[in-house]
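Peer 1: Let me give you the structure first, and then I'll get to my questions.
The values are calculated or read from the model by the stated rules, or taken from the named source; none is laboratory data. Please read these numbers as outputs of a predicted model, since none were measured by experiment. Positions of Cβ are generated from backbone atoms using ideal geometry, with glycine treated the same way; all protein chains shown enter the neighbour counts. These area figures cover heavy atoms from the full protein model, side chains too; ligands, DNA and RNA do not enter into them. Shrake-Rupley method; radii C 1.70, N 1.55, O 1.52, S 1.80 Å.
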Amino acid sequence: MIIDLRSDTVTKPSKQMLEAMMETQVGDDVFREDITVNQLETRIANMFGMDEALFFPSGTMANQTALKLHTNPGEQVICDKYAHIYNYESGGVSFNSGVSCKLLDENNGMFKADDVLKAINPADYYYSKTSLVEIENTANRRGGTCWDFNEIKKIRMVCDENKLGFHLDGARIWNALVAKNETANQYGEVFDTISVCLSKGLGCPVGSVLVGDSKIMENAIRIRKIFGGNMRQAGYLAAAGLFALDNNIDRLKEDHKKAREIGIVLAQLPIIKNVERIETNIVIFELNEDVSLNDFVNKLADNNIRIISMGGNKLRMVTHLDYNNDMHSILIKFLKNF
């Protein structure tokens, strides 16, 4: 038995999800004739109270499209220094849109409205024009932490007062909604665009969706085409998304519970320097300086447990729907006897 905690992207479609995929109706989505894709887009747009939604093969492409919709070359995006759009999208923010990032390192990644206000460039022509604020919820590199929605609303006010766009990288927004007992519609009222991932906590094999109002989304499908993201009979993938929305959101609380239990055990080990606060399904912890990261990871691997390094002496575990109770019991027992 392999216990794979590297990411919640390692999940495989369940038998029921595969059946839903095989039984769905499809068409040519380039002609906008795929019934199931249209259903998925309409459903997610309605969930967030947005006008439009567009299905993408990846979260990176959805984010990159949003950046291009909001900006012009030479402009600047305000985001956290650990933001996915800056660190893990292969420099696409500059390559695809020709914009730079002003990186904030405030309040453990949960920067404040005042931080945004201070980061906006002056209007003088020799400054890069600030045009967009981007946040990530949950924040991956910040340990799956959730934003304070009241602070998000304050940032929205700053964006309105300074004519800035506001984009949410909601790759794990489902985890945040469950953890904070919030609604998708709340987020749709605050952000101009939101990307949501179906292939992380929800267990789909592929897929993300970008939502926004009709004006901002007017050219989204053209940009998706430019990025090579048009698909044909994509309804097979969209069917997985519809199944996940029906069956895999509420169960995320199980992943959160397992993550907290792992954190409790890790915090009791003498070789562990620190376990970061756990709100959702991500456990980030740091080894003592005298402990070899490679030795630790290899020892887990020798026992069929897979995790990843976050740099330095930090490591990450991510719980997910394929990490079952039996695996959890084995891992907890192994850690206690480490």
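Peer 1: Scan segment 49-63 and report the pairs whose first residue is farther than 15 Å from Gln39 by Cα and part of a loop (DSSP other than H, G, I, E, B) and whose second residue is open to solvent by 10 Å² or more (accessible area, probe 1.4 Å) and hydrophobic (A, V, I, L, M, F, W, C), with Cβ atoms within less than 7 Å and a gap of 6+ or a chain change.
Peer 2: Pro57/Val206; Pro57/Met231
Peer 1: Among the numbered conditions (1) over 17 Å from Thr9 (Cα atoms); (2) in contact with a helix residue (DSSP H, G or I) (Cβ under 7 Å, 6 or more places away or on another chain), tell me where Lys333 comes up short.
Peer 2: (2)
Peer 1: Go through segment 119-164 and report how many residues are exposed (fewer than 13 other Cβ atoms within 10 Å of the Cβ) and over 24 Å from the mean Cα position of the chain (by Cα).
Peer 2: Residues meeting the conditions: 9.
Peer 1: Out of the residues in segment 184-218 meeting the condition of being over 30 Å from Ser14 (Cβ atoms) and charged (D, E, K, R), tell me which one is least open to solvent (accessible area, probe 1.4 Å). It would help to see each step written out before you state the result.
Peer 2: The first filter runs over segment 184-218 and keeps only residues over 30 Å from Ser14 (Cβ atoms), leaving 189-193, 212-218.
If we keep only those that are charged (D, E, K, R) as well, we get 189, 192, 213, 215, 218.
Details: Glu189: 136, Asp192: 39, Asp213: 60, Lys215: 169, Glu218: 135 Å².
Ranking the qualifying residues of segment 184-218, first place goes to Asp192.
Peer 1: If you don't mind, another one. Looking at segment 13-24, which of its residues are out of contact with any Gly (no Cβ under 8 Å at 6 or more places or on another chain) and either surrounded by fewer than 16 Cβ atoms within 10 Å (Cβ to Cβ) or assigned to a loop (DSSP other than H, G, I, E, B) (or both)?
Peer 2: Lys15, Gln16, Glu19, Met22, Glu23, listed by residue number.
Peer 1: What number of residues within segment 291-305 are assigned to a helix (DSSP H, G or I) and either open to solvent by 40 Å² or more (accessible area, probe 1.4 Å) or farther than 17 Å from Gly263 by Cα (or both)?
Peer 2: Selection size over segment 291-305: 7.
Peer 1: May I pose another question? Can you say whether Asn274 is among the polar types (S, T, N, Q), touching a strand residue (DSSP E or B) at 6+ places or on another chain (Cβ under 7 Å) and open to solvent by 40 Å² or more (accessible area, probe 1.4 Å), as far as the supplied structure shows?
Peer 2: It is true that Asn274 is among the polar types (S, T, N, Q), touching a strand residue (DSSP E or B) at 6+ places or on another chain (Cβ under 7 Å) and open to solvent by 40 Å² or more (accessible area, probe 1.4 Å).
Peer 1: A follow-up question, please. Scan segment 35-83 residue by residue and report those that are polar (S, T, N, Q), open to solvent by 20 Å² or more (accessible area, probe 1.4 Å), touching a Gly at 6+ places or on another chain (Cβ under 9 Å) and more than 23 Å from Asp105 (Cα to Cα).
Peer 2: Asn38, Gln39, Ser58, Asn72
Peer 1: Right, here's the next one. Looking only at segment 84-101, count how many residues are under 22 Å from Pro122 (Cα atoms) and open to solvent by 60 Å² or more (accessible area, probe 1.4 Å).
Peer 2: 1
Peer 1: Now, a different point. Name every residue in segment 107-122 that is free of Cβ contacts under 8 Å to residues at least 12 places away in the same chain and either of a type in the set (Asp, Glu) or at positive phi (or both), in order of residue number.
Peer 2: From segment 107-122, those free of Cβ contacts under 8 Å to residues at least 12 places away in the same chain are 107, 114-115, 118, 122; that's our starting set.
Matches in segment 107-122: Asn107, Asp114, Asp115.
Peer 1: Further, regarding this structure: Can you find a residue that is more than 16 Å from Arg43 (Cβ to Cβ) and open to solvent by less than 30 Å² (accessible area, probe 1.4 Å) anywhere in segment 232-242?
Peer 2: No, segment 232-242 contains no residue that is more than 16 Å from Arg43 (Cβ to Cβ) and open to solvent by less than 30 Å² (accessible area, probe 1.4 Å).
Peer 1: Any residue in segment 183-195 that is touching a residue at least 12 places away in the same chain (Cβ under 8 Å) sitting within a Cβ distance under 8 Å of a residue that is among the hydroxyl-bearing types (Ser, Thr, Tyr)? List the pairs, counting only those 6 or more apart or interchain.
Peer 2: From residues that are touching a residue at least 12 places away in the same chain (Cβ under 8 Å), the pairs are Ile194/Tyr187; Ser195/Ser208.
Peer 1: Right, next: Phe31: of a type in the set (Phe, Trp, Tyr), at pLDDT 95 or above and open to solvent by 30 Å² or more (accessible area, probe 1.4 Å), yes or no?
Peer 2: Working: of a type in the set (Phe, Trp, Tyr): yes; at pLDDT 95 or above: yes; open to solvent by 30 Å² or more (accessible area, probe 1.4 Å): yes.
Criteria met by Phe31.
Peer 1: Does Lys336 satisfy the criteria of being within 19 Å of the chain's Cα centre (by Cα), of a type outside the set (Val, Ile, Thr) and surrounded by fewer than 17 Cβ atoms within 10 Å (Cβ to Cβ)?
Peer 2: no
Peer 1: From the list Arg232, Arg224, Arg251, which residue is among the basic types (Lys, Arg), touching a strand residue (DSSP E or B) at 6+ places or on another chain (Cβ under 9 Å) and at negative phi?
Peer 2: Arg224
Peer 1: What's the number of the only condition in (1) open to solvent by 10 Å² or more (accessible area, probe 1.4 Å); (2) modelled with pLDDT of 95 or more; (3) assigned to a loop (DSSP other than H, G, I, E, B) that Asp8 fails to meet?
Peer 2: (1)
Peer 1: Here's a follow-up. Name every residue in segment 149-176 that is farther than 25 Å from Ala53 by Cα and in contact (Cβ under 8 Å) with a residue 24 or more places away in the chain, in order of residue number.
Peer 2: Glu151, Lys154, Val158, Asn162
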